[in-house]
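Data first, discussion second: the structure below is written as structure tokens.
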Amino acid sequence: MWPSRINAWYMASKIYRNKYMASKIHRNKYTALKIPPSKCMLWRRLMSKGKTRKKGQILSAGPNKYVLDRLKEEVDEEDMISKLPWEILVSIMCLLSTDEAARMSVLSRRWRKIWNTSIRIMPRLNFFLDRGWFPDIRPRDLEKKMRKRIIEVHQVLKLHKAHTLYEFSLITFELTSRDSHHINAWLNFAAEKHVKELRLKLTSLMLYDASFIADNFHFLRVLYLEGIYITEDIVHRLFSNSPFLERFFLLNSDKLHRLSIVSAPNLKYLYIERCRGLQHLQISSSVENLGTIEINGGVNFESVNVSAPNLSHIILGIQSQVFKFDAYVTLLNQIKRLTIDVYADMISAAFRQIPEFSKLAHLELIMDNCSKITPIRCLLDILRAAPILKTFSFQDNKLSGHPAKDNALEWLHVHIPKKVELDQNHACDYLKVVKFDNFAGCKYEVEVLLHLLEYAVSVEKIFIGLMDSSTWRDPEEWGHDYEDKFDNQYEELCIECAQQLKTQILQMHPNVDVIIA
């Protein structure tokens with residue numbers, strides 16, 4: 001007991017002493033001149049330089065022009081941005097997010113004035129209401145924090161005086177259904193400002209109804225909804241009341257079972273992710289400007305009926321072994337470009353039955369967590385399903401370990417490639433361009449590319465995009481697989497491996513153009 005009391009007394013006395021010293025520093029003349037504490041001793045020495053004090057005499061430190069100029073230069077060097085013209089500073093403030101701009105306002109009185117000016121005309125208002133730096137905050141303290149943040153949002157909106165607003169964003173996972181009226185007030189503000197881009201990201205447990213959004217935003221160009229309660233009727237009202245909508249993002253909306261878009265004259269891009277209950281997708285032929293549909297996060301449709309005449313690009317994120325192409329057969333027969341993002345251990349199950357891509361000209365395959373043995377047969381089956389394919393791109397997004405541990409340079413020195421001859425039995429003689437992105441020099445990467453080129457007998461151009469050197473040298477990217485010696489091996493193991501690979505490719509295809517970038 002006694003040691004704890006002594007420690008408490010010691011800490012209290014230390015806090016008191018620190019406050020006392022802080023008050024002393026606050027009152028002295030050096031801080032009044034905006035001199036940093038580290039420069040106070042320099043000030044004293046320079047002010048008293050060349051002067052002697054007799055016994056009993058008090059030496060007054062009068063102003064010294066040289067010292068004042070020197071200290072002023074040192075202080076000014078620490079804040080060069082504040083010297084910029086007022087108009088430029090206001091422009092800088094307008095480019096920041098609302099939270100960042102608010103933090104900048106506490107730097108000085110001038111920045112506070114800039115904040116008051118810029119917030120009136122700021123074209124983008126982005127609010128992030130989260131726990132901040134306190135992930136383990138108690139529920140009672142979190143409630144107080146959120147009440148304070150809600151008040152701050154209302155205050156900021158009162159300061160905004162411009163007639164229009166380009167973008168409004170609200171991202172929070174801490175508000176509850178009791179706060180719906182606050183969200184309605186903020187969205188009403190955005191609707192009155194004729195906002196063009198609206199991003200709303202809430203927790204799905206809140207069950208915030210999107211009816212207000214569907215009925216009041218008539219000038220939207222971009223709409224991002226995550227964790228919002230939405231129904232088929234709300235979707236119909238949304239596109240009816242927002243005729244200028246060009247990009248629509250729908251995420252984590254589990255209550256929607258059918259997404260039907262009948263009339264959306266300006267819709268160009270549709271994104272769907274983590275809508276677990278969504279089973280049917282229907283888009284009529286009147287959506288004539290729709291060019292790209294992206295589906296991610298384990299959305300498994302039972303039926304897909306898309307009649308958009310200008311649809312050319314489909315992006316599929318396959319993250320489940322239960323994924324089937326059956327629902328996409330009609331859709332895949334009309335597109336010219338297909339991007340597939342799939343985990344390596346799911347590719348065999350996902351491509352068990354591959355439909356025919358009769359009009360496909362460009363195929364991009366993005367694989368995650370590739371193993372050292374890549375299912376090359378699946379890749380060839382995909383290529384054979386596209387009879388007029390011209391361009392094939394392959395990329396490994398996430399390697400299983402640092403590429404220096406599985407480098408192919410030594411293997412390439414002993415590997416002897418064979419010249420590829422035109423054979424009508426090969427099904428890839430139509431492929432003209434092959435792209436390999438994020439190449440790191442791994443052995444399995446080299447094996448996949450060389451094996452593929454044995455079948456692509458008519459290839460004309462091969463692009464090898466190297467992994468960025470910053471990624472190679474980033475310890476956080478690789479975790480425990482990273483070693484300090486890898487920093488200096490990028491040129492040797494990555495670039496040199498690509499050059500050696502180019503040599504072997506030219507032995508297989510003497511007339512091909514190999515580009516390393």
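The values are calculated or read from the model by the stated rules, or taken from the named source; none is laboratory data. Since this is a predicted model, take the numbers as computed values, not measurements. Ideal geometry is used to build each Cβ from the backbone, glycine not excepted, and the neighbour counts take in all protein chains shown.
Output the residues belonging to region 310-349 that are of a type in the set (S, T, N, Q), out of contact with any Asp or Glu (no Cβ under 9 Å at 6 or more places or on another chain), outside any loop (DSSP other than H, G, I, E, B) and under 18 Å from residue 364 (Cα atoms).
Initial filter on region 310-349 (of a type in the set (S, T, N, Q)): 310, 312, 319-321, 330, 333-334, 339, 348.
Then drop every residue that is not out of contact with any Asp or Glu (no Cβ under 9 Å at 6 or more places or on another chain), which leaves 312, 320, 330, 334, 348.
Imposing the further condition that a residue be outside any loop (DSSP other than H, G, I, E, B) reduces the set to 330, 348.
The answer is 348, and nothing else.
Just so you know, in region 393-409 the residues that are farther than 14 Å from residue 472 by Cα and surrounded by fewer than 21 Cβ atoms within 10 Å (Cβ to Cβ) include one that is nearest to the chain's Cα centre (by Cα), and it is 395.
Filtering region 466-512 to residues that are of a type in the set (D, E, K, R) and touching a Phe, Trp or Tyr at 6+ places or on another chain (Cβ under 9 Å) leaves 473, 474, 476, 487.
Considering 385, 361, which residue is under 28 Å from residue 467 (Cβ atoms) and either surrounded by 15 or more Cβ atoms within 10 Å (Cβ to Cβ) or touching a helix residue (DSSP H, G or I) at 6+ places or on another chain (Cβ under 7 Å) (or both)?
Details: 385 fails: under 28 Å from residue 467 (Cβ atoms).
Every option except 361 fails the conditions.
Just give me the residues in region 270-309 being assigned to a strand (DSSP E or B) and more than 25 Å from the chain's Cα centre (by Cα), in sequence order. Scanning region 270-309 gives 280, 281, 282, 283, 303, 304, 305, 306.
Scanning region 165-183 for residues being among the polar types (S, T, N, Q) and without any contact (Cβ under 8 Å) to a residue 40 or more places away in the chain gives a total of 3. Each residue in region 391-405 was checked for being charged (D, E, K, R) and at pLDDT 85 or above, and 1 pass. Determine if region 484-506 includes at least one residue that is surrounded by 15 or more Cβ atoms within 10 Å (Cβ to Cβ), among the aromatic types (Phe, Trp, Tyr), without any contact (Cβ under 8 Å) to a residue 60 or more places away in the chain and farther than 23 Å from residue 391 by Cβ. Yes: region 484-506 contains one or more residues that are surrounded by 15 or more Cβ atoms within 10 Å (Cβ to Cβ), among the aromatic types (Phe, Trp, Tyr), without any contact (Cβ under 8 Å) to a residue 60 or more places away in the chain and farther than 23 Å from residue 391 by Cβ. Does residue 173 satisfy the condition of being surrounded by fewer than 16 Cβ atoms within 10 Å (Cβ to Cβ), modelled with pLDDT of 70 or more, touching a strand residue (DSSP E or B) at 6+ places or on another chain (Cβ under 7 Å) and within 28 Å of residue 227 (Cα to Cα)? For residue 173, the condition - surrounded by fewer than 16 Cβ atoms within 10 Å (Cβ to Cβ), modelled with pLDDT of 70 or more, touching a strand residue (DSSP E or B) at 6+ places or on another chain (Cβ under 7 Å) and within 28 Å of residue 227 (Cα to Cα) - is not met.
Residue-wise test of (1) over 25 Å from residue 122 (Cβ atoms); (2) within 27 Å of the chain's Cα centre (by Cα).
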| site | (1), (2) |
| --- | --- |
| 198 | no, yes |
| 203 | yes, yes |
| 206 | yes, yes |
| 210 | yes, yes |
| 216 | no, no |
| 221 | no, yes |
| 229 | yes, yes |
| 232 | yes, no |
| 236 | yes, no |
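Anything in region 240-269 that is in contact with a helix residue (DSSP H, G or I) (Cβ under 6 Å, 6 or more places away or on another chain), more than 20 Å from residue 219 (Cα to Cα) and in a loop (DSSP other than H, G, I, E, B)? List them, or say none. Scanning region 240-269 gives a single hit, 252. Has region 138-156 got any residue that is in a helix (DSSP H, G or I), within 23 Å of residue 192 (Cα to Cα) and at pLDDT below 70? Checking region 138-156: not a single residue is in a helix (DSSP H, G or I), within 23 Å of residue 192 (Cα to Cα) and at pLDDT below 70. Residue 433 meets the stated requirement of being modelled with pLDDT of 90 or more and within 20 Å of residue 513 (Cβ to Cβ). Could you tell me whether region 181-200 includes any residue that is in contact with a Phe, Trp or Tyr (Cβ under 7 Å, 6 or more places away or on another chain), of a type in the set (Lys, Arg) and at pLDDT 90 or above? Yes - at least one qualifying residue is present in region 181-200.
Hey, among 439, 392, which residue is aromatic (Phe, Trp, Tyr), within 16 Å of residue 509 (Cβ to Cβ) and touching a residue at least 12 places away in the same chain (Cβ under 8 Å)?
Details: 439 fails: within 16 Å of residue 509 (Cβ to Cβ).
After applying the criteria, what remains is 392.
For region 373-390, filtered to residues that are in contact with a strand residue (DSSP E or B) (Cβ under 8 Å, 6 or more places away or on another chain) and at pLDDT below 90, the residue that is farthest from residue 329 (Cα to Cα) is 374.
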